[in-house]
Every structure is written in structure tokens, then in C-alpha cells.
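A short reminder: the numbers here are calculations on the coordinates, not readings from a lab. As the structure is a prediction and not an experimental result, all values here were calculated from the model. We place every Cβ from the backbone using ideal geometry, glycine too, and count neighbours over all the protein chains shown.
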């Protein structure tokens, strides 16, 4: 019996150190290593916003890198 490959997206978590602090109008956060800054009304919001911003940033960097790599091959 021939086996068939299954393709599906896999999300890999990458731990990164981030700092969060309380300001007068909510929470702010920064991931200095990747120059990502977020805000949120609560700590939980700021952390959730950081996770989303980091995911977007990493996806964008990978797409740019993979696009350049495939152009070199062509």
C-alpha cells in the first residue's frame, strides 16, 4: 500500500524575553530583541497583543527570507 503525505500548518512556539510595565492608561510591552512594542488595557491584553505581534513579525521575516531564497534558486 502506498502511503500519502499529509501537509498541514504547524505552529512552533519560540520563547522570547519581553518586558511589560503599567502606565497611567494601561500596560505597555516590548520585545527589545525584535523591536516589537505593544499596548493593552490590562496585562493580559498586552501579553496577548505581544504574542500576536511577535507571530506577525516572525511570519513576515520568514516570508521575506524564503522569497529571497527562492529567487536565488531560480
- If each of residue 2 and residue 30 carries a label point 7 Å out from its Cα toward its Cβ, how far apart are those two points in nm? 5.7
- Could you please rank 1, 50, placing first whichever residue has the fewest other Cβ atoms within 10 Å of its Cβ? 1, 50
- Item | Viscosity 1.567 mPa s, temperature 4 °C, Stokes-Einstein D of the range 19-73 from Kirkwood C-alpha radius, µm²/s | 105
- Estimate the FRET efficiency between residue 66 and residue 22 by the formula 1/(1 + (r/R0)^6), using the beta-carbon distance for r and 25 Å for R0, to the nearest 0.05. 0.05
- Residue-span extension gain [residue 44 to residue 56] - 0.36 nm each, minus C-alpha spacing: 2.5 nm
- Note on the structure: Rounded to the nearest 0.05, FRET efficiency between residue 12 and residue 37 (Cβ-Cβ, R0 25 Å) equals 0.60
- Item | Degrees between helix 43-73 axis and first principal axis of the chain (Cα, 0 to 90, nearest 10) | 30
- Item | the chain - percent relative contact order, Cα under 8 Å, separation 6 or more | 17
